[in-house]
Every structure is written in structure tokens, then in C-alpha cells.
Amino acid sequence: AQSVTQLGSHVSVSEGALVLLRCNYSSSVPPYLFWYVQYPNQGLQLLLKYTTGATLVKGINGFEAEFKKSETSFHLTKPSAHMSDAAEYFCAVSVPFGNEKLTFGTGTRLTIIP
Amino acid sequence: DTGVSQDPRHKITKRGQNVTFRCDPISEHNRLYWYRQTLGQGPEFLTYFQNEAQLEKSRLLSDRFSAERPKGSFSTLEIQRTEQGDSAMYLCASSLRSAGKTLNTGELFFGEGSRLTVL
């Protein structure tokens, strides 16, 4: 079975500051890892994903994440926060075999301080 | 627009009533998933279809819940005798299973969700 832990249910950063959202996973097989963003009353939008290959993955809106197997982590970063980044962020894990069922973390609400 | 569409977007109902949600996946996608998301939580898996076959159900899917995908295209999720604890966002997602490939694509495409409020 797979699981995801997101450290920090709420994170606040100043506009222009570094964004760091933490995600640790547990998986019995090499995982696929994802970050999704959700704006109020909307569905989930994929920011980025790691399946195989390069461990540093770049996504939309200037976000990137690094898969670190030794630390079982997949933290999300953005060098400079923008007001439009305020949203809920979910880390998720799946496995390469069978279906694409995702197991999500509990989410981190990102607030941007003007 | 060729994304995943869900209907209705919002539903308010009284406790004890039945409700039904519809999901239309991306047209060529043969896999369809339902998730439930309660306030302040991440989405939780409910059930999964490949074509018209329901291949996996979560323990969260009580006997008041039933999902169908009769022709392998759209799907419905019905909740009978709704309870206040059923209030949540119900999310649908789809994916494409490519024949002959061992590894999946890893990507789900989500709809905008159907928000249920049970009074």
C-alpha cells in the first residue's frame, strides 16, 4: 500500500519569497509521484509528475519538485511566490502497474502575504 | 471542450433523499475513477472502472452508494438515503489504458467536481 504525508497543513509566504511545500511518501514499489493544485470550488489541476528518469521535474507556473529516494521525499518549490499561487496543494502517489489510482495527502493550504 | 465534465456542479438536498451525479470522461479514455473529498481533506478513492467493468471499490463505498458505467462511456454515482456525512465534493477522473503496455501512464485527468450539501 502507498501513503503520503504532507507536513504543514497551512503555509504562508510573502510575495516574492521562496515557496517550499513538503511531501514524504511510503511505497512498497518504485512510485509515481504527483503534485496537484486546487483552487476554491474547482477540480484538481496537475502541476507536475515524476514517473521515471530525471529526478528534478519542472511543472507549470514555475513550480518544480525533486524526487529523493533516500529521503522518500518529493518536495515542491517555487523560487518566487506570486499572489496567484494561493491555493490548496496536494501531493499524491501511485504505482506504475495496474491502474492509475492515486493516494493523496491531506493537502497544504498556501497563503501569499502581499 | 474535451475535458472531463461533471453534472451537476452543486447539489443541495435534504437528508434521506437520493442524489445522482454524472461524469463524462475524455472521449477516448477507457478508465474512470470516482473520488470523494471532504472539507480540509485530500481526495479519497471510491471506485474505478475499466470500460464498463467496475474493477475496484473502496471500503468507503457503503451499500448506499452505487456507481455504474453501462456502456463504457459516461458514469453515474448514486447515493441513496443521503446523510449529512455524505456532504462532500465528488470528483471524477479518467485515464487511457494503452493496450500492450505494462506500465500505466500515471496520469489522471480530473473534472471540476460535484459538490453535495446534505441538510
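Taking a straight line from the alpha carbon of B:Lys71, these lysines sit under 20 Å away, with near neighbours fewer than eight places off in the same chain left out: B:Lys57. Over chain B, accessible surface divided per residue gives 52 Å², non-protein components excluded, 1.4 Å probe. Comparing B:Arg15, B:Arg31, B:Arg59 in a Gaussian network model of chain B where C-alpha atoms under 10 Å apart are linked, the largest mean-square fluctuation is found at B:Arg59.
Roll a 1.4 angstrom probe over the protein heavy atoms and tell me the percent of accessible area of the protein assembly as shown that is carbon or sulfur. Here it works out to 49 percent.
The coefficient of translational diffusion for the protein assembly as shown, derived via Stokes-Einstein from the alpha carbon Kirkwood radius under 20 °C and 1.002 mPa s, stands at 117 µm²/s.
Note on chain A: dipole from Cβ charges, positive end direction compared against A:Val95, A:Val57, A:Leu33; the farthest Cα belongs to A:Val95.
Could you name the aspartates and glutamates whose alpha carbon sits less than 16 Å from that of A:Lys78, not counting residues in the same chain fewer than 8 places away? Correct list for A:Lys78: A:Glu15, A:Glu64, A:Glu66, A:Glu88. Summing charges over all other residues whose Cβ lies under 15 Å from the Cβ of A:Thr5, with Lys and Arg as +1 and Asp and Glu as -1, gives +1. Normalised by the number of residues in chain A, the average gap of Cα pairs under 8 Å and 6 or more apart makes the relative contact order 37 percent.
Once you charge only the Cβ atoms, +1 for Lys and Arg and -1 for Asp and Glu, what is the size of the charge dipole of the range A:7-114 about its Cα centre, to the nearest 20 debye?
180
Please report the buried accessible area for the interface of A with B, total over both chains, probe 1.4 Å, in Å² to the nearest 100. Intermediate values should be presented prior to the final figure.
Values: alone 6250 and 7180 Å², together 11360 Å².
Buried: approximately 2100 Å² between B and A.
Within the listed set B:Leu32, B:Leu108, B:Leu55, the Gaussian network model of chain B (springs between alpha-carbon atoms below 10 Å) gives the highest mean-square fluctuation for B:Leu55.
Report the net charge of residues surrounding A:Gly16, where surrounding means a beta-carbon distance below 15 angstrom and charges are Lys +1, Arg +1, Asp -1, Glu -1. Around A:Gly16, the surrounding residues sum to -1.
The values are calculated or read from the model by the stated rules, or taken from the named source; none is laboratory data. These numbers were taken from a predicted model, which means no experiment stands behind them. Cβ sites come from the backbone with ideal geometry, for glycine too, and all protein chains shown count toward neighbours. Surface accessibility is based on the protein's heavy atoms, side chains included, excluding ligands, DNA and RNA. Shrake-Rupley method; radii C 1.70, N 1.55, O 1.52, S 1.80 Å.
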